[in-house]
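Just below is one structure, and these are the notes that go with it.
No value in this document is a laboratory result; all are computed from the given coordinates. Source: prediction; values computed, not measured. We place every Cβ from the backbone using ideal geometry, glycine too, and count neighbours over all the protein chains shown.
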Amino acid sequence: QKEVEQDPGPLSVPEGAIVSLNCTYSNSAFQYFMWYRQYSRKGPELLMYTYSSGNKEDGRFTAQVDKSSKYISLFIRDSQPSDSATYLCAMSGGNFGNEKLTFGTGTRLTIIP
Amino acid sequence: DSGVTQTPKHLITATGQRVTLRCSPRSGDLSVYWYQQSLDQGLQFLIQYYNGEERAKGNILERFSAQQFPDLHSELNLSSLELGDSALYFCASSLRGADTQYFGPGTRLTVL
């Protein structure tokens, strides 16, 4: 079983819809949770960075972490065609020697105009 | 632009050869990470350096090695290349350890 599970999709939604992306994990040592966006053949771009449980909002993006359920989510409001990309969840323990990121497989998202 | 640079962008080489990938971290960042992205394995952590010292190792093959130089740039050396080594190789940097990691544009390696 992988440490981080993510539905690979693909996911297609109409422009303006709310998008919900999710990951589950098994390693209770994870403390830092991130969402990256990756366009085809480009480097991952950081969208959201959250420590421990709770919600964080940045513009149209909201990240939620529920450590009790080992479940994280990313919501995209008012989705735009430019949001079409692969979304990767990532997490780390954060302590010395355990700062590496463990990634989900990524969800490919297409926003239909 | 994340501020992390990687060269070259593309590499095409033959099995059995050796290549070197180069990464320059963001100005001021002390920590450099190398990741491999393949279609079947996704993004996998290879190795981390912090201020010139190796800090953590992932599933890095013995044929692969890395180092971080005094000016903080890093190189990933891949030797005795196999077809299965074809992948995107990303470098990421962070200010210290458990800080936000910013990724470079990657080097696409094709082994023929």
> Excluding same-chain residues fewer than 8 positions from B:K57, which lysines have a Cα within less than 27 Å of its Cα?
Replying inline: A:K2, A:K42, A:K67, A:K70, A:K100, B:K9
>> Run the simple label-point estimate for A:D66 and B:L39 please: 7 Å along Cα→C-beta, distance reported in nm.
In response: 3.6
> What spacing in nm lies between the two simple spin-label points modelled at B:I60 and A:E57, each 7 Å away from Cα in the Cβ direction?
Replying inline: 4.2
> For chain B, what's the relative contact order in percent, using C-alpha pairs closer than 8 Å and at least 6 residues apart?
Replying inline: 38
>> Pairwise over distinct Cα atoms, reciprocal of the mean inverse distance: report the Kirkwood radius of the stretch A:1-90 in Å, one decimal place.
In response: 13.6
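Which whole-number percent gives the relative contact order of chain A, counting Cα pairs below 8 Å spaced six or more residues apart? Numbers along the way, then the final one.
Working: 276 pairs, mean separation 41.4, N = 113.
It rounds to 37 percent for chain A.
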>> If each residue of separation counts as 0.36 nm, what is the full-extension length gain between A:K2 and A:E15 once their alpha-carbon separation is subtracted?
In response: 1.4 nm
>> Starting from a Cα-only point model with no solvent, please compute log10 I(q)/I(0) by Debye for the protein assembly as shown at q = 0.11, 0.14, 0.15 1/Å.
In response: -0.54, -0.87, -0.99
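Evaluate peptide B:73-85: per residue, the Cβ atoms of other protein chains within 10 Å of its Cβ; return the mean as an integer.
On the way: counts 0, 0, 0, 0, 0, 0, 0, 0, 0, 0, 0, 0, 0.
Across the residues of B:73-85, the mean count of other-chain Cβ atoms within 10 Å is 0.
Considering only the other residues whose Cβ falls under 13 Å of the Cβ of A:K42, what net charge follows from Lys and Arg at +1 and Asp and Glu at -1?
Details: positive: A:R37, A:R41, B:K9, B:R108; negative: A:E45, B:D1.
Taking every Cβ under 13 Å from that of A:K42, the sum is +2.
What do you get when you divide the Cα radius of gyration of chain B by 2.2 N^0.38 Å, with N the number of residues?
Working: Rg = 13.0 Å, N = 112, 2.2 N^0.38 = 13.2 Å.
Rg over 2.2 N^0.38 Å, computed on Cα atoms: 0.99.
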